[in-house]
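The block underneath contains the structure these notes are about, expressed in structure tokens.
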Amino acid sequence: MIDRLKIEQGIENLRDFFNDVRQWGEFLYHFFRKKLVIGAGHFEQGKDFLVDILLTKRGRYSKHFLNISFLFLIAGAIIGRPVIASYYPTIAPNIDASGDIYPSELSAIPAGDLSTTTVRSEKPRFEILDYEVVQGDTLASISEKFGISIDTIKWANSLKTEKLIPSQMLRIPPVTGIVHNVKAGDTIYSLAKKYQSDAQKIVNFPANDFSDLETFALNVGQILFVPDGVMPEAAPVYKPANVPQYIAGAGGKFIWPTQGNITQYPVSYHMALDIANPSAPPVYAGDAGIVAYAGCLRYGYGCHVIINHVDGYQTLYAHLSSYSVEAGDKVGRGQGIGKMGSTGRSTGTHLHFEVRRNGVILNPLGFLK
């Protein structure tokens, strides 16, 4: 009888032991799973910040380490993608203007939409080229070849006439405007005023570097590109255009996201619209969708919102002073998502608006007309 009680007691103790082992295993599983998810989230945030810093510095350091840095980022993203995707989905399901799941027939986009977009396959140039004039060259032909204005070539080479001589060497800037050698006392604001351009255009040009990314301070002796700048004695080539005042009245795929003046149109190195307004008006969702990202970076886009729409489309709203949505929120067409501001790589209150499809940045004008 005593032996039987001992056996039953032993079995009970063994059962308790295995139950403790099972509970301990479950604890370890949930503990490490939670750590992995948190770590993946931190990696995603750190990756965004690192990419932003690399992009702001690409004009100076791209030849040294930018490419290998992106390889590491891509490898990390591939390894961590399954876990991150399961907890932080960024691809929105199809929704209608009210925020509900909408029928598949509304997801079809007319073929005409694609004809209104501009996808540039050529890689933007950020350096000054030396070009040797050949027989038959003219300033007009060279201007067309490199996609910059005749005046830009004349100003960069201090040409007084348009006469060219074979074997003559010309400096060819990467963008229409002024190439300026920074002197003591120069600022992006004084140079923008001097050359009748806009300080934000100077900041937007990727090859322009700054000793301080918060104040955009310049280094004496550095080469600075002033896009769309003209010599003081020349007539200005730029005038701001008004954004339609009635936001809901736009008839394109996306409505105008805010009100103000267009201070920079899409160009190869800045495929976006800059819309400025010192009164910092509200910013609205271009179409119904699901918020993929809402947050702030110290540099680059600053405080910005990204919205996923149907068929792989995304819209991005940058430099906000504040935002009123969070990742995962459903938004309707024309819904307020924040206020215009000047956070990140910005010199004044404006909205940087992008349209993307399947990761490719498109010309937003084709979707707003």
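Worth a mention:
- Answer residue from region 317-368, given it is farther than 12 Å from residue 275 by Cα and among the acidic types (Asp, Glu) and is surrounded by the most Cβ atoms within 10 Å (Cβ to Cβ) among those: 329
- Cβ-Cβ under 7 Å pairs, at least 6 apart or on other chains, region 205-218 side free of Cβ contacts under 8 Å to residues at least 40 places away in the same chain, far side of a type outside the set (Val, Ile, Thr) and not in a loop (DSSP other than H, G, I, E, B): 210/217; 211/217; 218/224
- Across region 298-314, a minimum of one residue is classified as surrounded by fewer than 20 Cβ atoms within 10 Å (Cβ to Cβ) and within 22 Å of residue 206 (Cβ to Cβ).
- When residues of region 277-286 are limited to those that are buried (at least 21 other Cβ atoms within 10 Å of the Cβ) and not aromatic (Phe, Trp, Tyr), the one nearest to residue 344 (Cα to Cα): 283
- Selected residue (only one of 351, 316 is in contact with a Lys or Arg (Cβ under 8 Å, 6 or more places away or on another chain) and modelled with pLDDT of 95 or more): 316
- Only residues that are within 12 Å of residue 258 (Cα to Cα) and under 19 Å from the mean Cα position of the chain (by Cα) were counted in region 319-338, giving 3.
- Whichever residue in region 180-204 is free of Cβ contacts under 8 Å to residues at least 60 places away in the same chain and among the hydroxyl-bearing types (Ser, Thr, Tyr) and, among such residues, is farthest from residue 231 (Cα to Cα): 187
- All helices (runs of 4 or more DSSP H) inside region 118-218 with 1 or more residues being under 30 Å from residue 349 (Cβ atoms) and of a type in the set (Gly, Ala, Ser): 188-194, 199-204
The values are calculated or read from the model by the stated rules, or taken from the named source; none is laboratory data. The model shown is predicted, which means the values in this text are computed figures rather than measured ones. Here the Cβ is made from the backbone with ideal geometry for all residues, glycine too, and neighbour counts use every protein chain on show.
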